[in-house]
Amino acid sequence: DTAVSQTPKYLVTQMGNDKSIKCEQNLGHDTMYWYKQDSKKFLKIMFSYNNKELIINETVPNRFSPKSPDKAHLNLHINSLELGDSAVYFCASSPQGGIRNTEAFFGQGTRLTVV
Amino acid sequence: AQSVTQLDSHVSVSEGTPVLLRCNYSSSYSPSLFWYVQHPNKGLQLLLKYTSAATLVKGINGFEAEFKKSETSFHLTKPSAHMSDAAEYFCVVSGGGASKIIFGSGTRLSIRP
């Protein structure tokens with residue numbers, strides 16, 4: 001059983017399109033995250049949700065809209081895709097975000113390529 | 001505020017020799033610290049974590065790290081490198097109720113035959 005699963009694993013799309021990445025965790029965790037990993041491997045937090053409530057929004061363009069229908073899911077919708085959005089996007093979850101003793105569990109990543 | 005600095009972007013060692021990947025942190029709170037590994041085109045795997053118990057933490061694949069509060073460091077070591085250790089390593093800090101898990105910029109470890 002995969003703990004944190006993302007779909008799709010690869011996504012190639014044209015500029016201007018709208019796309020979604022889905023994430024599900026079966027760990028019973030309260031907190032979920034989206035991270036963006038750029039071409040230099042730097043991982044930057046985009047969003048954090050705790051029990052379906054947005055906790056962190058790190059100066060991400062409003063073309064990016066996270067949606068959490070329940071605490072086991074955190075989807076990422078991106079409007080009007082741009083070349084600079086090309087990256088690997090990682091979903092993660094942890095029992096309680098920002099609390100001691102809680103590491104995050106990561107999905108396998110979604111490689112988004114905008115052409 | 002929290003931050004983490006990985007002092008080397010790239011480390012290259014010969015197979016069978018020791019590995020040292022350096023990490024310094026800054027935190028207003030008592031932090032939790034982690035090391036993650038990312039193999040090429042793969043996801044992130046937890047190597048080890050420090051959460052205020054023993055300051056010397058042992059992880060998977062023979063890695064260990066020592067929390068040194070006086071030096072605000074959490075360096076990752078391994079006595080003898082193996083070819084399969086070649087990967088990107090991330091030092092991570094969390095804590096303080098901010099619901100943030102902050103990554104360092106990563107260190108690429110290369111192993112020479």
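The values are calculated or read from the model by the stated rules, or taken from the named source; none is laboratory data. Computed from a predicted model, the values in this text were never measured in an experiment. Don't worry about glycine lacking a Cβ; one is built from the backbone with ideal geometry, like all the others, and counts go over all protein chains shown. Note: accessible area is taken over every heavy atom of the protein model, side chains too, but ligands, DNA and RNA are not part of it. Shrake-Rupley method; radii C 1.70, N 1.55, O 1.52, S 1.80 Å.
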In what order, largest first, do B:102, A:56 sit by accessible area if the probe radius is 1.4 Å? B:102, A:56
Distance in Å, no decimals, from the C-alpha centre of the stretch A:44-86 to the one of the stretch B:26-52 is 22
Relative contact order (percent) for chain A, with alpha-carbon contacts under 8 angstrom and 6 or more residues of separation? 37
If you count, for every residue in B:57-65, the Cβ atoms of partner chains within 10 Å of its Cβ, what is the mean? 0
Which whole number gives the average, over all residues in B:9-16, of C-beta atoms from other chains lying within 10 Å of the residue C-beta? 0
If you count only protein heavy atoms with a 1.4 Å probe, what accessible area per residue comes out for the stretch A:4-114, rounded to a whole Å²? 47
Only Cα pairs under 8 Å and at least 6 apart count here; give the relative contact order of the stretch B:3-112 as a rounded whole percent. 38
Förster radius 41 Å - calculated FRET efficiency between residue A:54 and residue B:70, Cβ distance, rounded to 0.05: 0.60
Alpha-carbon centroid distance for the pair the stretch B:67-92 / the stretch A:1-25, whole angstrom: 31
Expressed as a whole number, the average count of other chain Cβ atoms within 10 Å around the Cβ atoms of A:29-42 is 2
Would you please name the trypsin sites (Lys or Arg not before Pro) within the stretch A:31-98 that are DSSP coil residues with at most 15 other C-beta atoms within 10 Å of their C-beta? A:40, A:52, A:63
Leaving ligands, DNA and RNA out of it, report the carbon-plus-sulfur percent of the accessible area of the stretch B:3-112 at a 1.4 Å probe. 51
How large is the charge dipole for the protein assembly as shown, taken about the Cα centre, if only the Cβ atoms of Lys, Arg (+1) and Asp, Glu (-1) carry charge, to the nearest 20 debye? 120
Everything considered on the Cα gyration tensor (a ≥ b ≥ c; rounded for a/c under 1.5, else prolate if a/b is larger than b/c, else oblate), chain B must be described as prolate
